[in-house]
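Below is one structure, written out as structure tokens; the observations come after it.
The values are calculated or read from the model by the stated rules, or taken from the named source; none is laboratory data. The structure presented is a predicted model; accordingly, all values stated were derived computationally and were not measured. Here Cβ is always computed from backbone atoms with ideal geometry, including for glycine, and neighbour counts include all displayed protein chains.
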Amino acid sequence: MKSVTVEVVGYRDSECSPFPCDEERSCGLSACKPSNGLIPATEALRAKLKEDFPDFDITVQITLLDDNVPDYIREIYEAEHPAIPMILINKRLFPIGRISLPQIGDAIRESISSM
């Protein structure tokens, strides 16, 4: 079974997206609505990815920057200046800048196809 790690990087009080969490949202998630919060959105993403990719070992983790910035995150940020939340798939930055199921799903498929 192929394994994929999705890492969401942000701050405890970060929003999941710069867009409003309303009926017109395009993130593809509803379990976290209307929180617009990073942590609830990451939990909703975890559940949906397990449903959408049942034949893969998908791990979704959250790295909160409030207390500590890991060296590999600092290096990515200094080189790329990505938006928060950062989305890493198997430690590779995908410049999505929000928690969006369609975009993260596409990035996972891209990662899987290159394995």
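Here are some notes:
- Matching residues, the stretch 1-14, being touching a residue at least 60 places away in the same chain (Cβ under 8 Å) and assigned to a loop (DSSP other than H, G, I, E, B): Lys2, Tyr11, Ser14
- The C-beta contact set for the stretch 15-29 (first residue within 18 Å of Glu43 (Cα to Cα) and among the aromatic types (Phe, Trp, Tyr), second residue at pLDDT 90 or above and not in a loop (DSSP other than H, G, I, E, B), distance under 8 angstrom, 6+ apart or interchain) is empty.
- Residue among Ser17, Ser30 that alone is within 18 Å of Gln103 (Cβ to Cβ), touching a Cys at 6+ places or on another chain (Cβ under 7 Å) and either β-branched (Val, Ile, Thr) or part of a loop (DSSP other than H, G, I, E, B) (or both): Ser17
- Flag for Arg46 being over 14 Å from Gly10 (Cα atoms), in contact with a strand residue (DSSP E or B) (Cβ under 9 Å, 6 or more places away or on another chain) and not in a loop (DSSP other than H, G, I, E, B): yes
- Residue list for the stretch 85-112, filter: under 15 Å from Gly28 (Cα atoms) and of a type in the set (Lys, Arg): Arg98
- Where a residue in the stretch 89-115 is under 16 Å from Thr63 (Cα atoms) and its partner, wherever it lies, is hydroxyl-bearing (Ser, Thr, Tyr) and outside any helix (DSSP H, G or I), with Cβ under 9 Å and at least six apart: Ile89/Thr5; Asn90/Ser3; Asn90/Thr5; Lys91/Thr5; Gly97/Ser17; Arg98/Ser17; Ile99/Ser17
- The single residue among Asp66, Asp13, Asp71 that is touching a Lys or Arg at 6+ places or on another chain (Cβ under 7 Å), more than 23 Å from Arg109 (Cα to Cα), surrounded by fewer than 12 Cβ atoms within 10 Å (Cβ to Cβ) and not small (Gly, Ala, Ser) turns out to be Asp66.
- Annotation: Ser113 fulfils all but one of (1) touching a strand residue (DSSP E or B) at 6+ places or on another chain (Cβ under 8 Å); (2) surrounded by fewer than 14 Cβ atoms within 10 Å (Cβ to Cβ); (3) small (Gly, Ala, Ser); the unmet one is (1).
- Test: residue in the stretch 43-57 that is more than 24 Å from Glu110 (Cα to Cα), out of contact with any helix residue (DSSP H, G or I) (no Cβ under 9 Å at 6 or more places or on another chain) and exposed (fewer than 14 other Cβ atoms within 10 Å of the Cβ): no
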